[in-house]
Amino acid sequence: MAARLEKTAKAIGLVTIGEKTAGLLADFLRLRPLSKTDEMYSFDWKEGVVYRLGARWKCRMVAPLPADQAPRTPESDRAAEAAVAESLDDFGWADYYDNRLASWGDQGMPYNEGTGVLRQRFSIPTTTQFRHWYLFIPGCDEDSWVYLNGQLVVEHSVASTGLTPDDLWNHPVIAEVTDALKFSYAENFIALRIFNRTKFGGILASVYLVASDRPLTPAEVYNAVPVTTLFGCSPKFEH
């Protein structure tokens, strides 16, 4: 029976199997990466390839705000403008891991509230060309500005989306980044400026690149990544 199950699963492309408990998997905080490895890895999907970026980022709170300090607004983060520059030396910044379900306050930052910057360098280890590449971040807590090779590729904030902070933190960040990426093993630089008003702070799950030869909708980008939850389920795009 086990052999038959394995054969059938491979034939239909089954990725995970598990129990689903209604009401417990409502937000992206529950998303888990396919692997606990910290290294970058890739897998094919029906229309292209998906790369999961490495789990380790360099992190610094550039404008920390104690929880009892008000007002907490993104206008206080001018120091972040210099912190997203590729030329900045981030040696000595703290390590932050996006696959540990732990806020930046739990990973050595002085506070969860305020503005922090996450930085990472990576290369795409392939010469295969696809016409469209999309960045997919399951959740940033809360307002986020994403820079790729010095270019602001997406703003995902209360102001740009019209969402409230309570809705923004687990809403996926998805943007086409084809024109900003460097290919054929060239080094890429990504920086995330994140402003958090309260509680968690940081990235809620692993960050992905999704490649395809045709334009994709946000739902298609999301569903190309078979991310698993604590219960082994793959929730579908609901935003």
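What FRET efficiency do you get for D89 and E39 if R0 is 25 Å and r is their Cβ-Cβ distance, rounded to the nearest 0.05? Working shown, then result.
Working: r = 24 Å, r/R0 = 0.94.
E between D89 and E39, to the nearest 0.05, is 0.60.
By the scheme Lys and Arg +1, Asp and Glu -1, what is the net charge of all other residues having a beta-carbon under 13 Å from that of Q151?
Working: positive: K182; negative: E86, E155, E176, D179.
So the surrounding residues net to -3.
What is the spin-label model distance, in nm, from A2 to L152 if the labels are put 7 Å beyond Cα along the C-beta direction?
5.5
Run the numbers on the stretch 42-225 and let me know its relative contact order in percent, using alpha-carbon pairs under 8 Å that are six or more apart.
Details: 427 pairs, mean separation 59.3, N = 184.
Dividing the mean separation by the residue count of the stretch 42-225 yields 32 percent.
Please express the Cα-Cα pair-distance distribution P(r) of the stretch 113-206 as a list of whole percents, one per 10 Å bin, running from 0 to the bin with the greatest distance.
Reading the bins upward from 0: 16, 47, 27, 9, 0.
Mind giving me the FRET efficiency for A79 and A102? R0 is 22 Å, r the Cβ-Cβ distance, nearest 0.05 is fine. Don't skip to the end; give the middle numbers.
Values: r = 24 Å, r/R0 = 1.08.
The value I calculate is 0.40.
Taking the C-alpha atoms of the stretch 42-225, how large are the radius of gyration and the largest Cα-Cα span, Dmax, in Å?
Every Cα atom of the stretch 42-225 included, Rg and Dmax give 16.0, 51 Å.
Could you give the length gained by full extension between K46 and Q129, i.e. 0.36 nm per residue of separation minus their alpha carbon distance, to one decimal place?
Details: separation 83, 0.36 × 83 = 29.88 nm, distance 1.55 nm.
Additional length available on full extension: 28.3 nm.
Read-outs throughout are calculated quantities, based only on the coordinates presented, and are distinct from any laboratory measurement. These numbers were taken from a predicted model, which means no experiment stands behind them. Virtual Cβ from ideal backbone geometry, glycine too; neighbours counted across all protein chains shown.
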